[in-house]
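To start, the structure under review is shown below, and the notes come after it.
The values are calculated or read from the model by the stated rules, or taken from the named source; none is laboratory data. These numbers come from a predicted model, not from an experiment. A quick note on method: Cβ atoms are made from the backbone with ideal geometry, for glycine too, and the neighbour counts reach across all protein chains shown.
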Ligand SMILES: Cc1ncc(COP(=O)(O)O)c(C=O)c1O
């Protein structure tokens, strides 16, 4: 089948809410994907940071195959072992205070769950979030998102919002008060431009939340499970939230997400307060277990830190040597951004990179975002990086 045929067929049937690149992908292995014409690309997007252990990792494929032949779905009326194993693993990798897990199907649903929990735990309904934040696209997640472009078309359906500048302690302290159910933020804003929380910011938020009996929610959908060179990005500042979310890399490609909370928060909910048909689905949880085992066995968290530091060194050196092309580099682990000086160059980059056999994303208008698989071969990563820098 030719790309043009695929494009024509899709144009007839698909809701027109996405702008696609002119490529149809049919296969992936490791950090390489293959299109319908057999052309190979280095994938620096990892399916939006999802394929944390690479495309079609044999351990993950085998775990899904095995579980699919055993038990694919049941209802949440019954115990299942994959879900139990996954829940034990997630609480084990969380700070000691965070003891309770709930599995959902996507990052935005994890955020929804966290919002509902905060409402139940505090009886309050106001949320404070940050500028440029991204938390997903359901109405609950949109009610705390800090980007007008996602929110405004649905404004009539959403409650009033309190948004404070990311990283500004004084603004957050002033906004968080007796009416606030929770402050929600990403420890590193991914979609918003790879913005790292300044040192001390999370601790200051923790203090203000404690003073006002407000919950602190970290959205780790993009940053969790090794992405930033720590299992959880919150570890960089050693601050413990009341609730945090996971998604993306958790399932390595299988749609699964989760939210994790303290015993105190968990005590405020009752059977029936939350649920869903696919909650703790055995295939999804088998994927989580496989991903976590690969990450542990192959020491991919440490690797993300080491390889990410080298990537950062190269991006910073480029920005220093070419201030007219890039104004700086930022990020942690293997979530990195190069800030491009020219918005037109940035806008054209993903298509130009395609022609060079590279999938790369530009976010927040001018930030070239790197979030490859945590096990991408160094040679492949740095060769693609040099090619991209050569396009600027
Ligand atoms: C921080 C954060 N939260 C939530 C989401 C939403 O996740 P999903 O697209 O799986 O619903 C994303 C997705 O990019 C994200 O980066």
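Pick from 315, 311: which is outside any strand (DSSP E or B), out of contact with any helix residue (DSSP H, G or I) (no Cβ under 7 Å at 6 or more places or on another chain) and closer than 21 Å to residue 195 by Cβ? Selected residue: 315, the only one of 315, 311 that is outside any strand (DSSP E or B), out of contact with any helix residue (DSSP H, G or I) (no Cβ under 7 Å at 6 or more places or on another chain) and closer than 21 Å to residue 195 by Cβ. Applying a threshold of 9 Å to beta carbon distances and a minimum spacing of six or more residues, or different chains, the list of pairs starting in segment 153-177 at a residue that is at positive phi and ending at one that is part of a loop (DSSP other than H, G, I, E, B) reads 167/197; 167/198.
Residue pairs whose Cβ atoms lie under 7 Å apart, sitting 6 or more positions apart in sequence or on different chains, and linking a residue in segment 262-278 that is over 13 Å from residue 118 (Cβ atoms) to a partner that is surrounded by 10 or more Cβ atoms within 10 Å (Cβ to Cβ) and modelled with pLDDT under 95, are 275/76.
Considering only residues in segment 86-111 that are surrounded by 15 or more Cβ atoms within 10 Å (Cβ to Cβ) and over 19 Å from residue 226 (Cα atoms), the one that is farthest from the ligand (Cβ to nearest atom) turns out to be 99. Residues that are modelled with pLDDT of 95 or more and in a loop (DSSP other than H, G, I, E, B) were ranked within segment 59-76; the one that is surrounded by the fewest Cβ atoms within 10 Å (Cβ to Cβ) is 69. Here residue 255 passes the criteria (1) within 28 Å of residue 201 (Cα to Cα); (2) touching a residue at least 60 places away in the same chain (Cβ under 8 Å) except the one numbered (1). Scanning segment 116-146 for residues that are buried (at least 24 other Cβ atoms within 10 Å of the Cβ), part of a helix (DSSP H, G or I) and in contact (Cβ under 8 Å) with a residue 40 or more places away in the chain yields 117, 118. The set of residues in segment 318-361 that are free of Cβ contacts under 8 Å to residues at least 24 places away in the same chain, more than 24 Å from residue 303 (Cα to Cα) and part of a strand (DSSP E or B) contains only 327.
Kindly establish whether residue 168 is more than 14 Å from the ligand (Cβ to nearest atom) and exposed (fewer than 12 other Cβ atoms within 10 Å of the Cβ). Break it down into steps so the answer makes sense when it comes.
Values: more than 14 Å from the ligand (Cβ to nearest atom): yes; exposed (fewer than 12 other Cβ atoms within 10 Å of the Cβ): no.
For residue 168, the condition - more than 14 Å from the ligand (Cβ to nearest atom) and exposed (fewer than 12 other Cβ atoms within 10 Å of the Cβ) - is not met.
Scanning segment 42-81 for residues that are within 15 Å of residue 359 (Cα to Cα) and touching a helix residue (DSSP H, G or I) at 6+ places or on another chain (Cβ under 7 Å) gives 42, 44, 48, 49, 50.
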